[in-house]
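Everything on this sheet refers to the single structure shown next.
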């Protein structure tokens, strides 16, 4: 079924499942939406009584659900480029789309005016345990190679989808390797789905991936607990005490050059450079309780370690 259209018919329900490329059901009395397949490309449910949007198809590009009492919204498809959620009860969004077309003549909401929802409190939706996150760093021993340190967490067996921002096919394993044909800023995204089927998406396009001559550009995803090249010695760095409720000390066998601390969303909240000491005290007494990632650079290389603030 290529399209399903039922606009302005005053209907109050739809079939449980819709197999179509587009679903247009505006100006009705609908309070819920049916399950949709991964083929769905466009959804128009504006001017109804819908309070919760379903999980989106990963292929969804057009979403018009304005003028509804919607308060629950799940993470968006990373390929969404037209959206209108004006005149709803939504106060925050669970993720930002990668390719929003703000120059289009189609109606759209400036989605970036909405703050990101805190994990576990997604506009009244069910609690979601998946916390996607990664940090992109250059390999200090192999030119033109980068590591994406996978710091994602969640309940049960996690499912991954990695998008590389170069129109290539997505990878669906936890630790893939991707090769780029040209340098540039690439919007790399990972969607992590927990055992309950709830997913979130995290994206980062802040790093310029360099290349000279015909050298290969590769990005390899590794676990945060593994570290980069084991930092030549994964036990070279210690954080103590861990957990802590005030401060902790970083000890390294070599002088520490730079330190960066990021929260679970990947936002940098602390940075200090040109330290040149093997022991550094960090005060996090004012930080909110939770998990943080400490990235430090030394003569050994770069490593990211986890610190828990109680």
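The values are calculated or read from the model by the stated rules, or taken from the named source; none is laboratory data. Nothing here was measured: the structure is a model prediction, and the numbers come from that model. Counting neighbours? That spans all protein chains shown, and the Cβs are built from the backbone with ideal geometry, glycine included.
Scanning the range 175-202 for residues that are at pLDDT 85 or above and buried (at least 19 other Cβ atoms within 10 Å of the Cβ) turns up 178, 180, 186, 188, 189, 190, 191, 192, 193.
Hey, does the range 158-174 have a residue that's touching a helix residue (DSSP H, G or I) at 6+ places or on another chain (Cβ under 9 Å) and at pLDDT 80 or above? No, the range 158-174 has no match at all.
Search the range 216-238 for residues being surrounded by 13 or more Cβ atoms within 10 Å (Cβ to Cβ), in a loop (DSSP other than H, G, I, E, B) and under 27 Å from the mean Cα position of the chain (by Cα), and hand back the single one that is modelled with the highest pLDDT. Only one residue fits best here, namely 224. Residues that are under 13 Å from residue 146 (Cα atoms), in a loop (DSSP other than H, G, I, E, B) and touching a residue at least 60 places away in the same chain (Cβ under 8 Å) within the range 176-211 comprise 207, 210, 211, listed in sequence order. Residue 63 fulfils the conditions (1) within 26 Å of residue 171 (Cα to Cα); (2) at pLDDT 80 or above; (3) assigned to a loop (DSSP other than H, G, I, E, B) except for a single criterion, (3).
Scan the range 239-295 for residues that are free of Cβ contacts under 8 Å to residues at least 12 places away in the same chain and assigned to a loop (DSSP other than H, G, I, E, B) and the total you get is 3. Checking residue 173 against (1) assigned to a loop (DSSP other than H, G, I, E, B); (2) touching a residue at least 60 places away in the same chain (Cβ under 8 Å), only one condition comes out false. Which one? With (1) assigned to a loop (DSSP other than H, G, I, E, B); (2) touching a residue at least 60 places away in the same chain (Cβ under 8 Å) applied to residue 173, the lone miss is (2). Reported count of residues in the range 130-145, each being more than 13 Å from the chain's Cα centre (by Cα) and assigned to a loop (DSSP other than H, G, I, E, B), is 6. Scanning the range 146-163 for residues that are part of a strand (DSSP E or B) and buried (at least 18 other Cβ atoms within 10 Å of the Cβ) yields 146, 147, 148, 149, 150, 153, 160, 161, 162, 163.
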